[in-house]
1. Can you tell me how many residues in the stretch 21-40 are at pLDDT 95 or above and on the phi > 0 side of the Ramachandran plot?
2. Filter the stretch 76-107 for residues that are in a helix (DSSP H, G or I), of a type outside the set (A, V, I, L, M) and in contact with a strand residue (DSSP E or B) (Cβ under 6 Å, 6 or more places away or on another chain) and give the result.
3. Using the structure shown, decide if Ile61 is more than 16 Å from the ligand (Cβ to nearest atom), farther than 18 Å from Tyr128 by Cα and in contact with a helix residue (DSSP H, G or I) (Cβ under 6 Å, 6 or more places away or on another chain).
4. Going by the structure shown, is Leu139 surrounded by 15 or more Cβ atoms within 10 Å (Cβ to Cβ) and either more than 11 Å from the ligand (Cβ to nearest atom) or of a type in the set (Ser, Thr, Tyr) (or both)?
5. So His76 fits all but one of (1) within 16 Å of the ligand (Cβ to nearest atom); (2) more than 21 Å from Lys4 (Cα to Cα); (3) touching a Phe, Trp or Tyr at 6+ places or on another chain (Cβ under 9 Å); what number is the exception?
6. Taking Ile33 and the conditions (1) in contact with a Phe, Trp or Tyr (Cβ under 8 Å, 6 or more places away or on another chain); (2) over 18 Å from Arg11 (Cα atoms); (3) surrounded by 17 or more Cβ atoms within 10 Å (Cβ to Cβ), which numbered condition does it fall short on, given that it satisfies the others?
7. Can you say whether Asn47 is outside any helix (DSSP H, G or I) and either surrounded by 15 or more Cβ atoms within 10 Å (Cβ to Cβ) or out of contact with any Phe, Trp or Tyr (no Cβ under 9 Å at 6 or more places or on another chain) (or both), as far as the supplied structure shows?
Amino acid sequence: MIFKTQNLTLRPWIEDDARCLYHFAKNPNVGPIAGWPPHQSIEDSLNIIKTVFSKKETYAIVMDDIPIGCVGLLFHPDTNHWWGEGACELGYWIAEEYWGNSYAVEASKVLINHAFNDLDVSVMYATYRIENTQSKRVLEKLGFEYYMEMTNENYLHEFFKEVAMKLEK
Ligand SMILES: CC(C)(COP(=O)(O)OP(=O)(O)OC[C@H]1O[C@@H](n2cnc3c(N)ncnc32)[C@H](O)[C@@H]1OP(=O)(O)O)[C@@H](O)C(=O)NCCC(=O)NCCS
């Protein structure tokens, strides 16, 4: 599926995105706070496109033909937590060069409407690390409300505190 917003196109990731993805996703300010390690090479990015980004309802956020971020709906068993029947989890990141334009909000709104109108989703959750005020703001702008605080373990096996936010249909 392809979605268009005022500034953005959401479309499935393609293998040709690997070079751009590596350029943006090697930045240590983007991945680790979202729970994934900075990409190590174009090969690494290509592998992520083929495995993680090929999952259903995961989209490249494209502006002027450049994939500048990613937004997706995760369903059990790919979610970070079990949220119950009828639930999914929203995830997103934007390349640092494009921060501050509300693109994460613009892209997420489309997928939220898609989830509640076209898919069998009645409630959506999203989590952010407690220090990630940028992501907290995105979720507030989308209408999510505080649900609970949780402890999770990252890819380096370090424990961290995160906040879960909830949005009902
Ligand atoms: C979180 C993220 C997706 C926000 O994307 P975005 O399109 O820049 O979002 P917004 O433009 O709505 O900005 C959200 C907040 O970030 C802050 N912000 C904006 N530009 C910023 C910048 N250049 N540097 C630091 N903070 C900035 C502001 O507080 C802003 O809130 P405001 O609009 O009320 O002022 C993006 O920062 C990102 O990808 N971060 C790393 C990955 C990540 O955290 N993903 C989410 C995991 S839970």
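The values are calculated or read from the model by the stated rules, or taken from the named source; none is laboratory data. As the structure is a prediction and not an experimental result, all values here were calculated from the model. Heads up, the Cβs are rebuilt from the backbone with ideal geometry, glycines too, and the neighbour counts pull from every protein chain shown.
1. The total comes to 0.
2. Hits for the stretch 76-107 are Tyr98, Tyr103.
3. On the way: more than 16 Å from the ligand (Cβ to nearest atom): no; farther than 18 Å from Tyr128 by Cα: yes; in contact with a helix residue (DSSP H, G or I) (Cβ under 6 Å, 6 or more places away or on another chain): yes.
Against the criterion (more than 16 Å from the ligand (Cβ to nearest atom), farther than 18 Å from Tyr128 by Cα and in contact with a helix residue (DSSP H, G or I) (Cβ under 6 Å, 6 or more places away or on another chain)), Ile61 does not qualify.
4. Numbers: surrounded by 15 or more Cβ atoms within 10 Å (Cβ to Cβ): yes; either more than 11 Å from the ligand (Cβ to nearest atom) or of a type in the set (Ser, Thr, Tyr) (or both): no.
Here the answer is no, as Leu139 does not meet what is asked.
5. Condition (1) is where His76 drops out.
6. All conditions pass for Ile33, except number (1).
7. Numbers: outside any helix (DSSP H, G or I): no; either surrounded by 15 or more Cβ atoms within 10 Å (Cβ to Cβ) or out of contact with any Phe, Trp or Tyr (no Cβ under 9 Å at 6 or more places or on another chain) (or both): yes.
Judged against the criteria, Asn47 is not a match.
Residue-by-condition table, conditions (1) outside any loop (DSSP other than H, G, I, E, B); (2) in contact (Cβ under 8 Å) with a residue 40 or more places away in the chain; (3) among the aromatic types (Phe, Trp, Tyr):
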site: Trp13; (1), (2), (3): no, yes, yes
site: Arg19; (1), (2), (3): yes, no, no
site: Asn27; (1), (2), (3): no, yes, no
site: Trp36; (1), (2), (3): no, yes, yes
site: Gln40; (1), (2), (3): no, no, no
